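To keep things clear, I will list the structure first and then write my remarks on it.
The values are calculated or read from the model by the stated rules, or taken from the named source; none is laboratory data. Please read all numbers here as calculations on a predicted model, not as lab measurements. Using ideal geometry, Cβ is built from the backbone for each residue, glycine included, and neighbour counts are taken over all protein chains shown. To get the accessible areas, we keep the full protein, side chains included, count just its heavy atoms, and leave off ligands, DNA and RNA. Shrake-Rupley method; radii C 1.70, N 1.55, O 1.52, S 1.80 Å.
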Amino acid sequence: MGFSGLSRLLLMYIQITIVILPIFILITTVRSISGDRDNHILEYMLSFPISLKQYYWGKIIGRFITVYLPVLFAMVVAIVYGAVKGALIPWNIFFLYTGLLFALSSAFLGIAFFISSFVKSSEVALGIAFFVWIVLLAFIDIALISLMMQQRFNEELILIIAMLNPMEIFRVAAISLFDPELTVMGPVAFYILDSMSQGVFVFISIAYPLGVGLIFAFLGFKIFKNKDLV
Amino acid sequence: MIKISNLTKKFGAHISLDNVNCELNKNESIALMGANGAGKTTLIRSILGYYHPDGGEVLINGVNPIKNRMQVLQEISFVPQLPPPIKLSLYELMQYISISAKVDKELIEHYANEMKLDIKENMHKSFFKLSGGMKQKMLIAISLAKNSSIIIYDEPTANLDPKARDDFYRLLKQNEEEKVLLFVTHRLEEVKDLVNRQIYMDLGKVVWDEKA
Ligand SMILES: Nc1ncnc2c1ncn2[C@@H]1O[C@H](COP(=O)(O)OP(=O)(O)OP(=O)(O)O)[C@@H](O)[C@H]1O
Ligand SMILES: [Mg+2]
């Protein structure tokens, strides 16, 4: 396979990850707390002397492992496959990409737990999760962003909107790892990488989604703690 | 032991507990009765610290169950109205309980045996795959093994066959000393020998309270 073929494959893989991973995490996680509440599991499990902190964060860690492990496993399989085929393994890219996936997963896990902590029922939780996903997805669409540029939106505004979106950050960072020429990237990535070095950007693209996840998870805990439990 | 003062709990416009005052003391076995929707489950959940009251408070041995849930819940055994569909296996469930509440697993097995539930055979089965009655037996065994000074049952006999009911009442009889036993039931005749106090609720209020 030639380089362009390989990078096209990688690109496809990244695009799919961006679309699938967040919705997968949201849908499977957003009912964690509200589902336990709906079917009275919380009522029983919380009748034991366990602190709410332990319960909530334990639940998050459990979910994180079940979500992130398959992703990590797929990466490892790819590496082993590459090694068997005799390919040179780009370890730094592997670690950075794994870090990016970790950060993306955390962001949506945190958002999912946040939603789960305040919704009245699991159905509503699903609805909100889907809405969040569709909105964020809309703002990674190159077409939409190009449209905004045609409409002469201010460049900074576009940049801020792009940078606030964990999905877009992941996308730009992942593609910039694999294809530094950014031939397939579209204009926003150029703006972003023009305004900072790649190193800084990759750091931000791991730290920011991680922070988003932690903040939402923490807000979720505050709500969980201060609301009626069942 | 349990002191409920001016407790009010609303859900939206609906008042589920309306200024309830009540004291439950050691060596009391209480039948808590009342029509569907009277507020019995709401009262129990308030004792467990699940609800933030709109007024008044609950104190367990002088301690607030919301602020000090770990301390309070160490003293309470609870079996809910409906056994929840817990996905853990019996083994994992017992693990969770022995770690969180320091309950001896062998004691759980002992009481399960007394209730004619074979834990060993179902050890790695998911809890929610047990039959309705088996689930209740398991929860009852756990509640007895926990050896708390307050035991709260929200209609625990609904799914039990007559034999299991007898076993259950026999075990309770052995375990009620020096404790508060709070029992939601719609069938007073069943627990008559067991209880020494009857509380009736209606529309969120205690309407009748009689000690034997
Ligand atoms: N989480 C809730 N949200 C809204 N309303 C509630 C909630 N929990 C209870 N209620 C309402 O409070 C009232 C009392 O309910 P509760 O479950 O305490 O009744 P109960 O005495 O246990 O009845 P039953 O004998 O049927 O179990 C009911 O009208 C019920 O609809
Ligand atoms: Mg009830």
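Could you tell me whether B:N61 is farther than 24 Å from A:I223 by Cβ and open to solvent by less than 30 Å² (accessible area, probe 1.4 Å)? Give the steps one after another, and end with the answer.
Values: farther than 24 Å from A:I223 by Cβ: yes; open to solvent by less than 30 Å² (accessible area, probe 1.4 Å): no.
No, not satisfied.
So that you can scan it fast, the table gives a plain yes or no per residue for (1) in contact (Cβ under 8 Å) with a residue 40 or more places away in the chain; (2) within 16 Å of ligand 2 (Cβ to nearest atom):
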{"site": "B:M138", "(1), (2)": "yes, no"}
{"site": "B:E155", "(1), (2)": "yes, yes"}
{"site": "B:L160", "(1), (2)": "no, no"}
{"site": "B:D167", "(1), (2)": "yes, no"}
{"site": "B:L171", "(1), (2)": "yes, no"}
{"site": "B:H186", "(1), (2)": "yes, yes"}
{"site": "B:E189", "(1), (2)": "no, no"}
Fill in the blank from the handout: Restricting attention to the range B:44-68, the residues that are touching a helix residue (DSSP H, G or I) at 6+ places or on another chain (Cβ under 7 Å) and away from ligand 2 (no atom under 16 Å from the Cβ) number exactly 6
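Criterion first (open to solvent by 40 Å² or more (accessible area, probe 1.4 Å) and more than 18 Å from A:K227 (Cα to Cα)) does B:N68 satisfy it? Break it down stepwise before answering.
Values: open to solvent by 40 Å² or more (accessible area, probe 1.4 Å): yes; more than 18 Å from A:K227 (Cα to Cα): no.
Here the answer is no, as B:N68 does not meet what is asked.
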Practice task
Determine whether the range A:55-69 contains at least one residue that is in contact with an Asp or Glu (Cβ under 9 Å, 6 or more places away or on another chain), under 30 Å from B:I142 (Cβ atoms), surrounded by 13 or more Cβ atoms within 10 Å (Cβ to Cβ) and within 14 Å of another protein chain (Cβ to nearest Cβ).
Solution key: yes
Exercise for the section: Give the residues of the range A:33-43 that are within 12 Å of chain B (Cβ to nearest Cβ) and crowded, with 22+ Cβ neighbours inside 10 Å, sorted by residue number. Expected result: A:D36, A:R37, A:E43
Handout entry: From B:L194, B:L181, residue being assigned to a strand (DSSP E or B), more than 16 Å from ligand 1 (Cβ to nearest atom) and touching a residue at least 60 places away in the same chain (Cβ under 8 Å)
Key = B:L181
Exercise for the section: Go through the residues of the range B:134-142 one by one and say whether even a single one is over 17 Å from B:P85 (Cβ atoms) and surrounded by 23 or more Cβ atoms within 10 Å (Cβ to Cβ). Expected result: yes
Practice task
Identify the single condition in (1) out of contact with any helix residue (DSSP H, G or I) (no Cβ under 8 Å at 6 or more places or on another chain); (2) over 23 Å from B:I97 (Cα atoms); (3) in a helix (DSSP H, G or I) that A:L88 does not satisfy, given that it satisfies every other one.
Solution key: (3)
